[in-house]
Amino acid sequence: VTKVPIVVGAVLFDLVVGDPKCRPNIEMGYKACELANNTELKQGNYGAGCGATVGKIRGPQYAMKGGIGSYSVKLPNGLVVSALIAVNALGDVYENGKIIAGVLDDSKTKVLNTYEIMKNGVTKGGFNIDNTTIGIVATNAKLTKAECKKVSQVAHNGYAKTIFPIHTPHDGDTIFTMATGEIETDMTLLSSIATEVVEKSVINAIKNANSVKNIPAYKDIICE
């Protein structure tokens, strides 16, 4: 829909929502710094979640609203593991095995099943849309660079528990891990917690999202 400037780092593609020629400027960056705080957690239609959508196998006109979500776990020994995830996926989002957001039917009142649609050979242009679920795991554990990479790898299980299909050729799914190096911990435990916080962050992103124009959100659709 538009030319995309080369950027450093990882981004999600949301330019089919809103004005595709809109670009951040100095004033917007300054305003973001002014509004930043460490007491209020905004989820849903904020930051990278503003134009995020999910369930795009039938094209963007039958997608639902994605968003940005977060979740944290703190153990008695002081270990903290948190995630912040921007959910912009080709597939559907699940909670406890039930679809809570995804591809819509023609009336846009009922959620269908992307995997079943794919098995029937129907795509309707969905494969021509770029998608990325992207996020970060942050912890106060003592980790090496290699251990951070391992946490990121295992944390992708959180994606797999909540989004399906996931890790497709049409998704740039990415997780970064950062550690402040304060607490010794077991890597198996830490990686397992990372999976949990990523999973719940994805769900929080969907449940906190609001509709944008003609894109319905979880709050608008009853998923049977």
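What number goes with the only condition from (1) under 19 Å from the mean Cα position of the chain (by Cα); (2) on the phi < 0 side of the Ramachandran plot that LYS150 does not pass? The single condition LYS150 does not satisfy is (1).
Report whether or not THR168 is under 22 Å from LYS98 (Cα atoms) and in a helix (DSSP H, G or I). Write out each step before concluding.
Values: under 22 Å from LYS98 (Cα atoms): yes; in a helix (DSSP H, G or I): no.
Taking the combined requirement at face value, the residue does not satisfy it.
Look at LYS31 and say whether it is surrounded by 10 or more Cβ atoms within 10 Å (Cβ to Cβ), farther than 27 Å from ILE166 by Cβ and among the basic types (Lys, Arg). The answer is yes for LYS31. Scanning the stretch 1-29 for residues that are modelled with pLDDT of 90 or more, of a type outside the set (A, V, I, L, M, F, W, C) and closer than 22 Å to LEU84 by Cβ yields a count of 1.
Exactly one residue out of LYS200, LYS150, LYS219, LYS142 is buried (at least 21 other Cβ atoms within 10 Å of the Cβ), among the charged types (D, E, K, R) and more than 16 Å from ASP92 (Cβ to Cβ): that is LYS200.
The values are calculated or read from the model by the stated rules, or taken from the named source; none is laboratory data. Bear in mind the structure is a predicted one, so any value in this text is a computation, not a measurement. Here Cβ is always computed from backbone atoms with ideal geometry, including for glycine, and neighbour counts include all displayed protein chains.
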